[in-house]
Amino acid sequence: MTKIATWNINSLRLRVSHLANIDADVICLQEMKCQNHELPVNELKKLGFEYQYARGEKAYNGVGIFSKVPLNDIETLDFGGNSQSRHISAKLPNGTRLHNFYVPAGGDEPDVNINLSYAHKLKFVEDMNAYFTSPKDKNHIILGDFNIAPFEHDVWSSRQLANVISHTPPERERMLSLYKTLGWVDVSRQFVPQTEKCYSWWSYRNKDWKKSNRGRRLDHIWVTPNLQSQLKSHHIMQPARDWEKPSDHVPIVAEILL
DNA sequence: ATGGTGGAAGGTCCA
């Protein structure tokens, strides 16, 4: 049984101690916001994450896979085509390739003609689509901060967010197109019915995130169909949003028989 | 309609 976690930590150096609260064998982080030589290597080792595969970047972005067991065949790819640190993958001991993604947020204005960030986000997902249309490996887990809430009950109000980046039709269409490439299984929706609200992110800009509960499901774990029957449990760590100096995202942990 | 908060950097950008 392997427990795999994903979390947009929004600064690894600031929140590394919170990782002690996550019960996982492999933790995939996004928005580490540090360079590789600035990683808190020893703190991570003390938590049991002896094997550290990071693709850092100064101040922004940054993805890493931190594991209690050795992984191999590390690969970093340039989805979106601007060399930001938004993807890293590794092979798990059974040969499944684990991809950690940090999809661009895309800015505020949902118009590709005036907002280059939004255009970049759409291209990023199109590149993911192309990659998984003819992947070189067979079995995959993809996870991370996809910055898209694809379904109606992945946001607090689908109608009010219809023109808000993270839930616009062009993003949702591209994500569903990606979803069809390999017949992906959306792990969270295996455990939480599609008719129920389900969130992994609450804005810092809400006075009381729990009371207003205007969340979005931006973080995802998808597996290829061969792993569907191997899924054992799934946990969105909502209490993490109340940790001291919280990230605006909470960790998601999936337990999979690999 | 607006601004609300947070992290890192560093005289702002991105989320």
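Pick out, from A:Thr195, A:Asn115, A:Gln84, the residue whose Cα sits farthest towards the positive end of the charge dipole of chain A, with +1 on the Cβ of Lys and Arg and -1 on the Cβ of Asp and Glu.
Among A:Thr195, A:Asn115, A:Gln84, the one farthest towards the positive end of the dipole of chain A is A:Thr195.
What is the set of long-range amide H partners of A:Gly144 at a cut-off below 5 Å, with H atoms built 1.01 Å from backbone N?
Long-range HN contacts for A:Gly144: A:Phe101, A:His220.
Looking at A:Asn226, A:Val16, A:Ala130, which one has the Cα that reaches farthest to the positive end of the dipole of chain A (charges on Cβ: Lys, Arg +1; Asp, Glu -1)?
Checking the options against the dipole of chain A, the answer is A:Val16.
Using DSSP to call loops (not H, G, I, E or B), can you name the trypsin sites (Lys or Arg not before Pro) in region A:202-247 whose Cβ has at most 13 other Cβ atoms within 10 angstrom?
On the way: sites: A:Arg205, A:Lys207, A:Lys210, A:Lys211, A:Arg214, A:Arg216, A:Arg217, A:Lys232, A:Arg241; in loops: A:Arg205, A:Lys207, A:Arg214, A:Arg217.
Listed in order of number, the matching sites are A:Arg205, A:Lys207.
Along region A:51-56, what does the Karplus equation 6.51 cos²θ - 1.76 cosθ + 1.60 (θ = phi - 60°) give for ³J(HN,Hα), rounded to whole Hz, x for Gly and Pro?
These are the phi-based 3J(HN,Hα) values: 9, 10, 10, 10, 10, x Hz.
Provide the percentage of antiparallel DSSP beta bridges, counting only those with both residues in chain A; round to the nearest 5. Don't skip to the answer; put the middle values down first.
Values: 38 of 49 bridges.
Here the antiparallel bridges make up roughly 80 percent for chain A.
Using unit Cβ charges (K, R positive; D, E negative) and no other charged atoms, how large, in debye to the nearest 20, is the dipole of region A:12-116 about its Cα centre?
Details: 11 positive and 13 negative charges, 84 e Å.
Magnitude of the dipole: close to 400 debye.
Determine, for A:Val16, A:Val112, A:Val223, the number of other Cβ atoms within 10 Å of each Cβ, and report the residues in order from fewest to most.
On the way: A:Val16 21, A:Val112 16, A:Val223 25.
Placing the least packed residue first, the sequence is A:Val112, A:Val16, A:Val223.
Compute, for chain A, the length of the dipole vector about the Cα centre, with Cβ point charges of +1 (Lys, Arg) and -1 (Asp, Glu) only. Units Debye, rounded to 20. Could you put the intermediate results ahead of the total?
Numbers: 32 positive and 29 negative charges, 72 e Å.
The calculated dipole for chain A is roughly 340 debye.
List, in order, the whole-Hz ³J(HN,Hα) value for each residue of region A:69-82 obtained from phi through the Karplus relation with A = 6.51, B = -1.76, C = 1.60 and θ = phi - 60°; use x for Gly and Pro.
10, x, 10, 9, 6, 5, 9, 10, 10, 9, 5, x, x, 9
Mind sorting A:Phe191, A:Phe132, A:Phe146 by how few other Cβ atoms lie within 10 Å of their own Cβ, fewest first?
Details: A:Phe191 14, A:Phe132 19, A:Phe146 26.
The order, fewest Cβ neighbours first, is A:Phe191, A:Phe132, A:Phe146.
Using a 10 Å cut-off around each Cβ, can you sort A:Lys121, A:Lys136, A:Lys91 from fewest to most neighbouring Cβ atoms?
Details: A:Lys121 26, A:Lys136 7, A:Lys91 16.
Result, fewest neighbours first: A:Lys136, A:Lys91, A:Lys121.
When only C-alpha pairs under 8 Å and at least 6 residues apart count, what is the relative contact order of region A:174-228, in percent?
On the way: 49 pairs, mean separation 25.3, N = 55.
Normalised by residue count, the contact order of region A:174-228 is 46 percent.
Dipole magnitude of region A:112-219 about its Cα centre, charges +1 at Lys/Arg Cβ and -1 at Asp/Glu Cβ only, in debye to the nearest 20?
Working: 17 positive and 12 negative charges, 69 e Å.
In debye, rounded to 20, region A:112-219 gives about 340.
Kindly provide the helix-only [θ] at 222 nm of chain A, computed as the sum of -39,500 (n - 2.57) over DSSP H runs of four or more divided by all residues, to the nearest 500 deg cm²/dmol?
Roughly -5500 deg cm²/dmol at 222 nm, from the helical runs in chain A.
Could you work out how far apart the two model spin labels at A:Leu77 and A:Glu196 are, taking each label as a point 7 Å from the Cα in the direction of the beta carbon, and quote it in nm?
Distance between the two pseudo-spin positions: 3.3 nm.
Of the DSSP beta bridges with both residues in region A:1-127, give the percent that are antiparallel, rounding to the nearest 5. Each step should come with its number before you reach the end.
On the way: 17 of 22 bridges.
Of those bridges, close to 75 percent are antiparallel.
If each residue of separation counts as 0.36 nm, what is the full-extension length gain between A:Val112 and A:Asn206 once their alpha-carbon separation is subtracted? Intermediate results must be reported in sequence, preceding the final value.
Numbers: separation 94, 0.36 × 94 = 33.84 nm, distance 2.77 nm.
Taking A:Val112 through A:Asn206 to full extension adds about 31.1 nm, to one decimal.
Rule-based calculations on the coordinates, nothing more; no lab input. Note that the structure is a prediction, hence the values are computed from the model and not measured. Because the Cβ atoms are built from the backbone with ideal geometry, glycine has one as well, and the counts that use them run over all protein chains shown.
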